[in-house]
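Report on the structure given below.
The values are calculated or read from the model by the stated rules, or taken from the named source; none is laboratory data. Every value quoted in this text rests on a predicted model; they were computed, and no experiment measured them. Note that we place each Cβ from the backbone using ideal geometry, even for glycine, and neighbour counts take in every protein chain shown. Quick note on the areas: whole protein, heavy atoms, side chains included, nothing else; ligands and nucleic acids left out. Shrake-Rupley method; radii C 1.70, N 1.55, O 1.52, S 1.80 Å.
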Amino acid sequence: MDKNHRIDLEMFEGPLDLLLFLIKQDELNIYDIPIAQITKKFLTYVLLAKELKLQSAGDFVLMAATLMKIKARMLLPIEAEGDDEIEDPRTELMNMLLEYKRYKEATANFAELERHERPYYYHIPINWTPQQEDQTAILEDVKLYDIMLTFQYLIKNFEEPATHSVAVEEVTLSEQVGYLNGLLQAKAKLSFSTLLEQFNSRLIVVVTFLAILEMLRNRQVKVKQTKLFDDLLISRGNQFGN
Amino acid sequence: MEINELKQIVEALLIATPEPLTDARFQACLGEGEIQLPLTEIIAELQADYINSDRSFFIKEVAGGFQIVTRAEYEHYIKGLFSKSGKLRLSQAALETLAIVCYRQPVTRNDIESIRGVSSDSSLRTLLDRKLLEIRGRDEGPGRALLYRTSAEFLQYFGLNSVNDLPKLREVEDILVEEQDDLV
């Protein structure tokens, strides 16, 4: 094994990145990739990697399988049917490599921009949110992701007890929608966390949360939040009561 | 209204604004009946003042508006204000993911992963946490996958006025030609 192989797989962002590197290193023609040669090299790198993160390991193994499949198909005799042109089994791989290369080039540009912008500090920095007393004043436009994070955060308080008796709890989405409708008829604003205080099981909390999402989708309610992980404030939407 | 008074108003707005100050927002702040002068003209005058009086900051056009930014030579001192040594840098994986979202938006996680050839879950999470990406609706197709877009913070982070400022992606054909040339 020559020492050129002693390159850590961690250096590469994935199997496509490694393949592009091998093509460049051996000055191969991307339009006519010698599959046998590159498969052998690719496998050498993957097998030499002392430890692969489990997540990326799967991606590398999948590519190894793809390469071997292409190699096998190229060995098979080709029977042309009529005038149909037989597609080169390597075409899809080539397209993937080229497409990836376009974005890899753009990535270098972003890294350069990031480096360039590094010394500048904004008077109001990224992610700055004003601290305000009026809880409803800002962030009218709560993003779905924020709501999900808040839910994850709030539901932590609802760990199920280690032992519990099994009782059939029946709670449905439409029940909770009706329940919230009733509450909102009486009160203009509801706090999600206060709402949760009266529930004693995760199931009801989850169904209630789903009910809020459902009502949000139908514009029956509006959800506001002052900052991430803060309480969700629920109020009537323009389709309320419909 | 005197230009000097307008300059002071714009300066005050720039100090207080929670996001890049746009012309539309500026005109709304002025209210009706005030002399209408484009924000860019007043900004140009202010900017000249700052340069002439050798201030430690300047006005930068970013994310479709204007913001006050410190000059690069003060980075060394400003870093001391933050517990971590200055700004965190994005990983190569995060940058790749960002590049794909930026040029293909709106885009699903599956689109990103099929281009990168690797799972991009953690990169996406990092970028969402740092607000550089946001979720904007769902795909119409089966599974109704979430669609990702770049945010205003993304533009600010990379010092861009709009995504259209970025150079176009190279065409696949150009890359092929170059690859062939390299072999000769």
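Summary of computed values
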| read-out | value |
| --- | --- |
| Counted residues, region B:63-84 - those being of a type in the set (D, E, K, R), in a helix (DSSP H, G or I) and either more than 9 Å from every other protein chain (Cβ to nearest Cβ) or open to solvent by less than 80 Å² (accessible area, probe 1.4 Å) (or both) | 2 |
| Count - residues of region B:135-170 that are facing chain A (nearest Cβ under 8 Å), free of Cβ contacts under 8 Å to residues at least 24 places away in the same chain and more than 13 Å from the chain's Cα centre (by Cα) | 3 |
| Qualifying positions in region A:112-124 - surrounded by 18 or more Cβ atoms within 10 Å (Cβ to Cβ) and modelled with pLDDT of 90 or more | A:E117 |
| The listed residue being open to solvent by 70 Å² or more (accessible area, probe 1.4 Å) and in contact (Cβ under 8 Å) with a residue 12 or more places away in the chain, out of B:E11, B:E32, B:E45 | B:E45 |
| Subset of region A:178-201 [among the charged types (D, E, K, R) and surrounded by 13 or more Cβ atoms within 10 Å (Cβ to Cβ)] | A:K189 |
| Given (1) at positive phi; (2) open to solvent by 70 Å² or more (accessible area, probe 1.4 Å), index of the condition B:K131 fails | (2) |
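For (1) open to solvent by less than 60 Å² (accessible area, probe 1.4 Å); (2) more than 9 Å from chain A (Cβ to nearest Cβ); (3) within 17 Å of A:P15 (Cα to Cα), each residue gets a yes or a no:
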{"site": "B:A94", "(1), (2), (3)": "yes, yes, yes"}
{"site": "B:A99", "(1), (2), (3)": "yes, no, no"}
{"site": "B:D121", "(1), (2), (3)": "yes, no, yes"}
{"site": "B:L124", "(1), (2), (3)": "yes, yes, no"}
